[in-house]
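Each value in this text was obtained by applying a stated rule to the coordinates, not by laboratory testing. Here the structure is a predicted model, which means the values were calculated and not measured. With ideal geometry, Cβ positions are generated from the backbone for all residues, glycine too; neighbour counts draw on all protein chains shown.
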Amino acid sequence: MNRSGASLLLFLAVLTLVVGGIHYYLWSRLIRAPELGAVWQRRGAYLFVGLALLTPLGMVASALLPRRLASIVAWTAYGWMGVSVLLLFSLLGSEIVRAILHGWSAISAAPADPERRLAISRGIAGVVSLVAFGAAGTGAASALGQVALRKVQVPLRRLSPSLSGFRIAQLTDLHIGPTLGAGWLHDVVARTNAAEPDLIVITGDLVDGSVAALRAETAPLALLKAKHGVFFVTGNHEYYSGVDEWIAELTRLGIRVLRNEHVPIGGPEGFDLAGVDDWSSKRFGNGHGPDLSRALAGRDAARELVLLAHQPKQIHEAAAKGVGLQLSGHTHGGQIFPWGLFVRIDQPYVAGLDRHEDTMIYVSRGTGFWGPPMRVGAPSEISLLELVRA
């Protein structure tokens, strides 16, 4: 088994354990109540075991089945994944209400009333379900609606005055696969081209699947047009999908893949555009792995420098090596609130424009989505970055 396959199996194993724990908690709060009776508790247990297995089995099945069947399986499995996450967050919030009610009962020394406890449990379950399914509906509408164009002005101190106003369109985390395909991508490409950017960059996690399975779905990428070209760097998901084959396919489509290298943009008074492999790619071997020193070798340090790096955590080395602007994705802005709070444990920045020491960093919330076809509190975007002299 190659490293890509081993990493995927490890991911599925960890995912199964996490999903199992979440579903046990959901069952314990929504179903496991003595007042409901043993029969309903047992039926509920069977139901939640099946729902817990739906996510990992659905991921495997959607990767093995023909695209039409894979799409049906993926929408079902990932749809429930999103609902279960929203149920989890809603129930965790309801724990405060439960604590208050239990505390009040203890203070008042009121005798235990099974019917009252059942009514409270049913009331909390009803409110939680209403909140979760309502958020799932609005989140699905956000994820599947037209992707917004987000304009951001970025001041750079070494930018030549002649290039002030230079516009970079950033696409990232499109996740073309069993749930998003050519029709959706064609609209994204059309909206990106309509913005008339000077340069287009794709900062990783473009696909979830092999070239053989997704060649037709990614074909609209060949229509991307910008005066100074279209560039790509790998994300972690490319390494689960046959990275070398995808590098060759994107090159065939007219997209320049930057692998630990830089290219000049805009002539003698322009800036340098550098790109590095994904932060996690070194473990896959075969010459992969981020190498910023190699990417910057031989460049004129007086020129402004824009770095494409999939994960925001690469900003620490970027700032140390004089990068003016880093463009990243990976986080999806959290995708489903409040997941962004947990993303901060792993990544220093989650969404938007920030300054890290003397380096600017822009983290896109992503153009597509992974897993649940939902975005709650983190809308997708096509980023249009206007560079101006600081």
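What the table shows:
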| item | result |
| --- | --- |
| In Å, descending, principal axis extents of the Cα set of the stretch 268-324 | 38, 21, 15 |
| Net charge over other residues, Cβ less than 14 angstrom from the Cβ of Leu180 (K, R count +1; D, E count -1) | -3 |
| For the chain, Kirkwood radius (reciprocal of mean inverse C-alpha pair distance, Å) | 22.6 |
| Radius 12 Å from Cβ of Met360, net charge of other residues (Lys, Arg +1; Asp, Glu -1) | -1 |
| Rounded tilt (10° steps) of 67-108 against the dominant C-alpha axis of the chain | 50 |
| Cβ-Cβ FRET estimate between Thr16 and Lys225, R0 fixed at 41 Å, reported to 0.05 | 0.40 |
| Between helix 182-194 and the chain: long-axis angle, C-alpha atoms, 0 to 90°, nearest 10 | 50 |
| FRET efficiency, Leu130 to Lys321 (Cβ-Cβ, R0 35 Å, nearest 0.05) | 0.10 |
| With Cα atoms, 0 to 90° folded angle of helix 243-252 axis to the chain main axis | 50 |
| Debye log10 I(q)/I(0) at q = 0.22 Å⁻¹ for the stretch 39-93, Cα point scatterers | -0.84 |
| Residues Leu64 and Glu95, FRET efficiency given R0 of 25 Å [Cβ-Cβ distance, rounded to 0.05] | 0.05 |
